[in-house]
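Structure first, then comments.
The values are calculated or read from the model by the stated rules, or taken from the named source; none is laboratory data. All figures in this text were calculated on a predicted structure; none of them were measured in a lab. Cβ coordinates were reconstructed from backbone atoms using ideal geometry, including for glycine residues, and neighbour counts include every protein chain displayed.
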Amino acid sequence: MDEYDFPGVDTLSQTIKQKRAEKAAEIAQSMFNISSIKRNVPFEDPKVRGRYWVSPPTIEIRTTETDFPGWTYPCVLAHELGHSADSQKEYLRHFYSEGDLESDSLFESQTQLNQARALSERLRGEIIESDIPSMLNYRETKSEKAADAFAALVLEPDRTRQCAPAIATRLETVFEDFFTQFNREYRDIDSAWVS
């Protein structure tokens, strides 16, 4: 099954991505206490694909198959699940990833943070500097990089472990219960799809 996650995101079937994201959502709803996942939400801002609300833990996503690959339904769902996991760990109503590097954060090292950025760019495209002085591109935040790294591990687990072993190992350690169950179940999804 390793070939599904290699060599790139565009070689992975949209069907497999969606099945993996849906399975992850099913597991996360009980494990991370997500109260609801609302699909087909008509956001006023056309640039918004999804949103995570901390209280009550709710995910809203705009469902579309006709978008840039990193903004399609499976990618957005997996990304928002990453925010949910990040907010549930250690501190309720605070993203664990936003803590200080090497002390009280999801990211224990600069290597992990760099790998999360690389996964973010692989999944959703290059992170560009804001052209507004003193404005930070929201994708530069640690919580966005953490959510994208989580999404990459859901959508392309083998490729993610190969390309970003430090952050993949960290995510699988911090969210061990989730990824133990998910890793067992996603292989069954893949086997059923190809048989």
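Can you pull out every residue in the range 168-195 that is polar (S, T, N, Q), over 30 Å from N114 (Cβ atoms) and either at pLDDT 95 or above or touching a Lys or Arg at 6+ places or on another chain (Cβ under 9 Å) (or both)? Lay out the reasoning, then the answer.
Within the range 168-195, the subset polar (S, T, N, Q) is 169, 173, 180-181, 183, 191, 195.
Checking the rest, the ones that are also over 30 Å from N114 (Cβ atoms) come to 191, 195.
Matches in the range 168-195: none.
Residue check, T66 against (1) surrounded by fewer than 19 Cβ atoms within 10 Å (Cβ to Cβ); (2) β-branched (V, I, T); (3) modelled with pLDDT of 85 or more, all met but one. Which one?
The failed condition is (3).
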